[in-house]
Structures are given as C-alpha cells and as structure tokens.
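Here the structure is laid out as structure tokens; the discussion comes afterwards.
The values are calculated or read from the model by the stated rules, or taken from the named source; none is laboratory data. All values reported here derive from a predicted model rather than from experimental measurement. Counting neighbours? That spans all protein chains shown, and the Cβs are built from the backbone with ideal geometry, glycine included.
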Amino acid sequence: MAQIQPDQGTNLYSGVQKALTGIDADRTSAIVLVTDGVANVGETRQRKFIELIRKKDIRLFTFIMGNSANRPLLQAMTKASNGFALNVSNSDDIVGKILEATSKVTHESLHGVKLSIKGVKTADLTPKTIGSLYRGQQLVVFGHYWGDGLADIRLHGKISGQPKDYSTRIEFPASTRLNPELERLWAYAAIEDMQGEMVDFGEDADLKQAIVDLSLEYGLVTDYTSMVVVRNEVFDALGIKRLNKKRLEIETQAQQQRASQPISNNRADSAQPMFNSNRPSHGGGGSFQGGLLALMLILLGLKLGKEVMIRKAR
C-alpha cells in the first residue's frame, strides 16, 4: 500500500482487481471497500464491475462515503457479492457507522434467503432475489395477491450451511383502503429492479416498455418518463384527465384517517409470531435472531389513478 500514490483520478476497477488478486477461488473471502465510487479512470461500466466481483466467492463490505457518492454502482457491486453497503453522509457519526458495520460482520448472516406464501395466489414479488440478510437488516417484500383467507408464510435460509426456517400463518383481507400509498411503493420497487437489471446487463426493449407502462399508471418519474405540470385551465383545454388527482385524494384521506386513530399494534402475525426474539442492538450478543427481519406483506388490489406523464424523447 505504501507504494501506491494518489493521482488525479479514481481507477476503482483496477483497485478491486488488485484486492481480488491472491484470493482463492474455492473459499469465501471478504473485502472492505471505502470509497465514493466515482470511477473516472479505466473501466467504468457497471456490468464489468459485476462480472469482476462474481469471479471469486467474496463478500464485499462497502462504506459509501459522502453525499455525492456513486451509490448505484457501489450498491450493485455489493448486492452481487451478497455483502452489505453502509451509506456515510458528510454529517454522519463515523463511530456509529463503524459500530453498525462491526455488529454485522461479527454475527452470522442468513444466506440463500427464500420466501414462500401458500394459501393465496401471489405474483410480481419484489425483490425477485433476496440473497443474504445481515444483523439489523429488514426484509421488505412487495407484491400482488388474489383472493383472501389464511395463508402460510415461510422464510427459509441457511446459517453456516445449516437450514433455518421461520414460519407463520396470517389472514389476508379481501381488500383494504388503509394504506393506498403502497401501490406506488410496489411500482417504484418493481421499476428499481428492472432498471438495475438493465444497468447490469444492458438495455432491454421489453423491460424498458414495462418501466414506461408502470410509471404512466402509477405517476412515477423515471429515466423514460417526465411529469407535466400545468395550470388547471390547461388540463381542461387539452382534455387531459387528471386521474392522479383522484389517487392523491384517496391517499390524503387515508393519511388523515390513520392520524385520527390511536396508536395500535398492527402486527399481522400476533396470533402466531414469525419471530420471537428482540431486535438486535449494538449492546447485545448472539447470532442471527428472528428480530432481524421485518416482513411487510402488501395488498395491491386497488385501482386508483394515473399521473399525467409523457414519455421522454430518445
């Protein structure tokens, strides 16, 4: 390291390449990467970084430094290695971030995580691939389901190669209007998944069209859509239906309804808790515990409105 001198650029690809040198291909190793990820010298294509990371069985533990960091690149690299990334802003407590990272790397992770739901039909779950979960991480799953009634939920993974299962049974309602905002959260998560896939493996016409369709339906700005803001009379003059106005009204009404209700326990698995342990903290010990996860099951049965969107000219 003493032989490496700073210059006018950041050759991140070459740095990761050197870190991989000498690592055995048949054993799991770890690399700690501290960077702002602004790769401006040498190879800069994200797909090439992903291919490089996957050449060895490594776990990348990344400290993403600064408010202008290249988070998409660094998070994609970390995800490909089944490691974890910590964002460190200019105003963050560095000691606290180090304690958080230490807590994760000194406790076993749950790897090869898979989620199954039986009893109701589900589709469009995101993320498609969960990967590994580290101490203190939450697992949030969005998706669609059809029907109602009791359903069995099972979270399966391995700790040090040994199977680990968490299960519960909860009631899926036929419909609910308490959290209509979740529709857009699902659409946003689905778009993020598709955008990440294209960044890793190149633009795909079908994925691009799917992103456009979702963004138009749910009123989201993406790389391929823009939002039009005009006066009320312009909407009338052009005959534009303000479908997203209705969506916003429904969301606002739901927010006001929730605010007027007393705070209560909304845990869906109270009758049969999926996890019994307390959530982990920096002061406690022990290996991977059930409190590490928070599973959010989302109802997306409502059809609300659309934002007025236009497709960007390319």
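In the stretch 170-193, how many are among the acidic types (Asp, Glu) and not in a helix (DSSP H, G or I)?
So the count comes out to 2.
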| note | Checked the stretch 180-189 for anything crowded, with 17+ Cβ neighbours inside 10 Å and in contact with a helix residue (DSSP H, G or I) (Cβ under 6 Å, 6 or more places away or on another chain); matches are PRO180, ARG184, ALA187
| query | When the residues of the stretch 114-123 are filtered to those that are more than 17 Å from LYS79 (Cβ to Cβ) and surrounded by fewer than 19 Cβ atoms within 10 Å (Cβ to Cβ), which remaining residue is farthest from the chain's Cα centre (by Cα)? | reply | GLY119
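Just to be sure before I move on: is GLY157 in contact (Cβ under 8 Å) with a residue 40 or more places away in the chain, under 30 Å from ARG27 (Cβ atoms) and in contact with a Gly (Cβ under 8 Å, 6 or more places away or on another chain) in the structure I sent? Working first, answer last.
On the way: in contact (Cβ under 8 Å) with a residue 40 or more places away in the chain: yes; under 30 Å from ARG27 (Cβ atoms): yes; in contact with a Gly (Cβ under 8 Å, 6 or more places away or on another chain): yes.
Taking the combined requirement at face value, the residue satisfies it.
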| remark: Every listed condition ((1) without any contact (Cβ under 8 Å) to a residue 60 or more places away in the chain; (2) within 28 Å of LEU155 (Cα to Cα); (3) aliphatic (A, V, I, L, M)) holds for LEU99 save (1)
| request: Within the stretch 103-159, track down each residue that is in contact with a His (Cβ under 8 Å, 6 or more places away or on another chain) and acidic (Asp, Glu). | output: ASP124
| remark: Taking the stretch 5-28 and the residues there that are among the hydroxyl-bearing types (Ser, Thr, Tyr) and surrounded by fewer than 16 Cβ atoms within 10 Å (Cβ to Cβ), the one that is modelled with the lowest pLDDT would be THR28
| query | Among the residues of the stretch 49-72 satisfying the criterion of being in contact (Cβ under 8 Å) with a residue 40 or more places away in the chain and out of contact with any strand residue (DSSP E or B) (no Cβ under 6 Å at 6 or more places or on another chain), which is surrounded by the most Cβ atoms within 10 Å (Cβ to Cβ)? | reply | ILE50
| remark: Within the stretch 102-131, the residues that are in contact with a Phe, Trp or Tyr (Cβ under 8 Å, 6 or more places away or on another chain), closer than 27 Å to PHE63 by Cβ and touching a residue at least 60 places away in the same chain (Cβ under 8 Å) are VAL105, HIS107, GLU108, SER109, LEU110, THR126
| said: Six or more apart or on different chains, Cβ atoms under 6 Å: show the pairs whose first residue is in the stretch 134-149 and under 20 Å from ALA187 (Cβ atoms) and whose second is of a type in the set (Val, Ile, Thr). | reply: PHE142/THR126; PHE142/ILE298; GLY143/THR122; TYR145/VAL120; TYR145/THR122
